[in-house]
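Trainee: Sharing a structure here in structure tokens format.
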Amino acid sequence: MTHPTAAVWRWTPRLAGVAMSLFLAMFALDAFDGRPFFTALPGFIIHLLSAFLVLAAVAVGWRFPVAGALAFGGLAAIYAISVKWRLDWTALIGGPLLIIAVLFGVGARHRAVR
């Protein structure tokens, strides 16, 4: 494997995980919805928990790609179960989480081959 390919497999899941976290954090902004700042702040923090979980999975996968793959796969499964396998939401949120899990897995595989 060439060095640029190794860099792609190393950085793609990490960047995708951070992007997914930012995407989920964007949904937390609806907590404000015209409410005063300090009234909406607890709801905003609760809505950010999912983004923090994804960031934690990225942090784990940064050092241990196999654990990152398992963490993202677990997050995808937990999300799909929590929305009762509703196809639209499972595809929108769980799909990218599953893709990132596969990317971490492939990256770990390529890392082991080097």
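Trainee: Based on alpha-carbon centroids, what's the gap between segment 1-31 and segment 74-114 in Å, whole number please?
Mentor: Spelled out, the Cα-based centre of one part sits 13 Å from the other.
Trainee: Give me the three principal axis extents of the chain from the C-alpha atoms, as integers in angstrom, largest value leading.
Mentor: Result for the chain: principal-axis Cα extents of 54, 28, 18 Å.
Trainee: Would any residue of segment 14-33 have its amide N under 15 Å from a label point 7 Å out along Cα→Cβ of residue 44? List them or say none.
Mentor: Inside the label zone: 25-33.
Trainee: When the chain is fully extended, how far beyond the present Cα-Cα distance does residue 109 get from residue 88, taking 0.36 nm per residue of separation?
Mentor: Working: separation 21, 0.36 × 21 = 7.56 nm, distance 3.09 nm.
Value of the extension gain: 4.5 nm.
Trainee: Now, a different point. Which distance in nm do the two modelled labels at residue 67 and residue 10 give, with both placed 7 Å along the Cα-to-Cβ direction?
Mentor: My value for the distance between the label points is 1.9 nm.
Trainee: Separate question: With angles folded into 0 to 90 degrees, how steeply does helix 65-82 sit against the dominant principal axis of the chain? Use alpha carbons for both and round to 10.
Mentor: 40 degrees
Each reported figure results from applying straightforward, stated rules to the coordinates on display, with no laboratory input. A quick note: this is a predicted structure, and the numbers were derived from the prediction, not measured. We place every Cβ from the backbone using ideal geometry, glycine too, and count neighbours over all the protein chains shown.
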